[in-house]
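A.B. asks: First, the structure itself, so that you have it in front of you.
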Amino acid sequence: MKIDLTETNSSKINAALVQARRDIGTPAIGMVLTLVIVTDEENAYDALKSANDASREHPSRIVVVIRRVSRSPRSRQGARLDAEVRVGTDSGTGETVVLRLYGELVDHAQSAVLPLLLPDAPVVVWWPEGAPRDLAGDPLGTLGQRRISDTYSAEDPIATLGSRAEAYAPGDTDLSWTRITPWRSMLAAALDQQTHSVTSATVEGEADNPSCELLAMWLADRLQVPVTRTSSGGPGLTAVRLATRSGEIVLDRADGSLATLCMPGQPDRAVALKRRETAELLAEELRRLDPDNTYESSLKFGVAKLTAPSPAAGEEAEAAEASAPKPGAEAPAVKRAPAKPAKKAAAK
């Protein structure tokens, strides 16, 4: 069931939700959280589709906030709220309210969203694109226990990672981090089977891919070894190589679907490591509502090392550091290697 409301308010929207539930014969509320999606008109359809798919695992009230920028000064002085209420098969397993804000209401979206939150239920705020620099400081972000962004959609993902680290607050997370969960699980399981410790690591993937950067930071933070970041033709993250005294552990995924795990003294094995859809990533993030301390540690560890000099300058700096006396042990660095030629990357 879908109900359109023009020039409405939060009270009328809540009344429409109650009436719609009665009309379809489900007056009780069986939802576990409120998911607030902050997006624009262009990306609203895809974001809502992913949220509806994720709601099959996490029944939720979905509130979509779309800011409509007025063209004329006169229209910007007023305030108008249009809403679309969806219940039943039109809204996955929960309820959906699509809010379109006009005029001065654009700058006060939280006032329209606050009355629509489920009582005594967690709130998760998701920015599919165009997330603010400070998620927790955003007026809508302050409503959520968890705040989800996607650095991959940013214009400059690497610089955005640095901004995320500077403004991090408990509850912040990133779908670029969620994308590497299977990689982290596979690498951790592989290391459990080895007796020798890792001496260095290499992460190979697309240039300016924040998931590759986060995985490199995670390895450097957890293993306390030097990590080299190299570029490939993709898609996404393509390989991780861990050097040990007994040999090299390699997790190689050339086609974005099936990976090969190679470990010293064991036969090569094929493992499923496909690139996941946004709905799967969102469903994973909704499974936990507590702060992700591992993400925080990895994000903050690598920020200073993401702005590394050019490869040539980096080699000169490394040579100078090797010849200079060192007063004590230093933290491992995430180093950037030159990008591989296109043909060679394609061959891998």
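A.B. asks: How many of the residues making up the range 9-26 are hydrophobic (A, V, I, L, M, F, W, C), in contact with a strand residue (DSSP E or B) (Cβ under 7 Å, 6 or more places away or on another chain) and either surrounded by 13 or more Cβ atoms within 10 Å (Cβ to Cβ) or assigned to a helix (DSSP H, G or I) (or both)? Please lay out each step first, then the result.
C.D. replies: Here is the first cut: in the range 9-26, the residues hydrophobic (A, V, I, L, M, F, W, C) are 13, 15-18, 20, 24.
Pick out the ones that are also in contact with a strand residue (DSSP E or B) (Cβ under 7 Å, 6 or more places away or on another chain) and you get 13, 16-17, 20, 24.
With the extra rule that they be either surrounded by 13 or more Cβ atoms within 10 Å (Cβ to Cβ) or assigned to a helix (DSSP H, G or I) (or both), the set shrinks to 13, 16-17, 20.
Summing the residues that are hydrophobic (A, V, I, L, M, F, W, C), in contact with a strand residue (DSSP E or B) (Cβ under 7 Å, 6 or more places away or on another chain) and either surrounded by 13 or more Cβ atoms within 10 Å (Cβ to Cβ) or assigned to a helix (DSSP H, G or I) (or both) in the range 9-26 gives 4.
A.B. asks: Right, here's the next one. With open to solvent by less than 60 Å² (accessible area, probe 1.4 Å) and at positive phi as the only criterion, which of G141, G137, G130, G103 stands out?
C.D. replies: Values: G141 fails: at positive phi; G137 fails: at positive phi; G130 fails: open to solvent by less than 60 Å² (accessible area, probe 1.4 Å).
Checking each option against the conditions leaves just G103.
Rundown of residues vs (1) in contact with a helix residue (DSSP H, G or I) (Cβ under 6 Å, 6 or more places away or on another chain); (2) under 28 Å from D156 (Cα atoms); (3) open to solvent by 30 Å² or more (accessible area, probe 1.4 Å), yes/no style:
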site: A188; (1), (2), (3): no, no, yes
site: D192; (1), (2), (3): no, no, yes
site: P210; (1), (2), (3): yes, yes, no
site: L219; (1), (2), (3): no, yes, no
site: T238; (1), (2), (3): no, yes, no
site: V250; (1), (2), (3): no, no, no
site: G256; (1), (2), (3): no, yes, no
site: L282; (1), (2), (3): yes, yes, no
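A.B. asks: Answer yes if at least one residue in the range 167-182 is free of Cβ contacts under 8 Å to residues at least 12 places away in the same chain and over 30 Å from A15 (Cα atoms), and no otherwise.
C.D. replies: Of the range 167-182, the ones free of Cβ contacts under 8 Å to residues at least 12 places away in the same chain are none.
No, there is no match, as no residue in the range 167-182 is free of Cβ contacts under 8 Å to residues at least 12 places away in the same chain and over 30 Å from A15 (Cα atoms).
A.B. asks: State all residues of the range 221-261 that are among the small types (G, A, S), within 14 Å of I180 (Cβ to Cβ) and at pLDDT 90 or above; if no residue qualifies, say none.
C.D. replies: Listed by number, the residues that qualify are A239, A259.
The values are calculated or read from the model by the stated rules, or taken from the named source; none is laboratory data. The shown structure was predicted, so the numbers you read here are calculated from the model rather than taken from an experiment. With ideal geometry, Cβ positions are generated from the backbone for all residues, glycine too; neighbour counts draw on all protein chains shown. Please note that ligands, DNA and RNA were not included when accessible areas were found on the heavy atoms of the full protein model with its side chains. Shrake-Rupley method; radii C 1.70, N 1.55, O 1.52, S 1.80 Å.
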